1. By the scheme Lys and Arg +1, Asp and Glu -1, what is the net charge of all other residues having a beta-carbon under 15 Å from that of residue 66?
2. Sum up the charges of everything whose Cβ sits under 9 Å from the Cβ of residue 94, counting Lys and Arg as +1 and Asp and Glu as -1, but leave residue 94 out.
3. If you wrap a convex hull around the C-alpha atoms of region 37-150 and split its volume per residue, what is the figure in Å³?
4. May I ask you to order 132-140, 37-45, 99-107 by the average number of other C-beta atoms within 10 Å around their residues, highest value first?
5. So if we plug the beta-carbon distance of residue 39 and residue 145 into 1/(1 + (r/R0)^6) with R0 = 25 Å, what FRET efficiency do we get, rounded to 0.05?
Amino acid sequence: MRTLKISLLVFILSITTSAQQQWFWQNPIPGNTFSTNKIKFLDENNGMVIGTGGLIYMTSNGGQAWRPIYTGIQEDLIDLSFSNQNLGIIISEKSIIKTTDGGLTWNKILEAGQNLYRYCSIVDSLNFFVAMFEGYGYYINAYVLISNDG
């Protein structure tokens, strides 16, 4: 009976060890101050991660390597949406930025003072919307901004 228990324990430990060996830190490595908020893959190779400080990390090889892309804003990036490989928008708490080259360059298209953007979606080159919240505590107003001219 004791042999059976020991054999079972060795079996469970070997499964656990082999399962953990399949996971590994990619990039950015732990200890980096970049904190992620959203990830989006446009296809099996091209993707991006957004997070703190207006920084984007992009990959073009399925996540094997990541490179930083600077947006020119300092706020934390909250959400992103793409309508095709080239056209996308990202929102921070105060800004909306847009790309037409797959995320290599970003242009600020709107900045709002105290408003807090939370969600965005882009349909095509002309139509997108952004949900935002304003206020604190019990006094919160919700708005949806709609663009039909890009």
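1. +3
2. On the way: positive: none; negative: 75, 93, 111.
Local charge sum for residue 94: -3.
3. Numbers: hull volume 10.6 nm³, N = 114.
Looking at region 37-150, the number lands at 93 Å³ per residue.
4. 99-107, 37-45, 132-140
5. So the FRET efficiency works out to roughly 0.55.
Coordinate-derived values only; no laboratory data. Every value quoted in this text rests on a predicted model; they were computed, and no experiment measured them. Note that each Cβ is placed from the backbone with ideal geometry, even for glycine, and that neighbours are counted across all protein chains shown.
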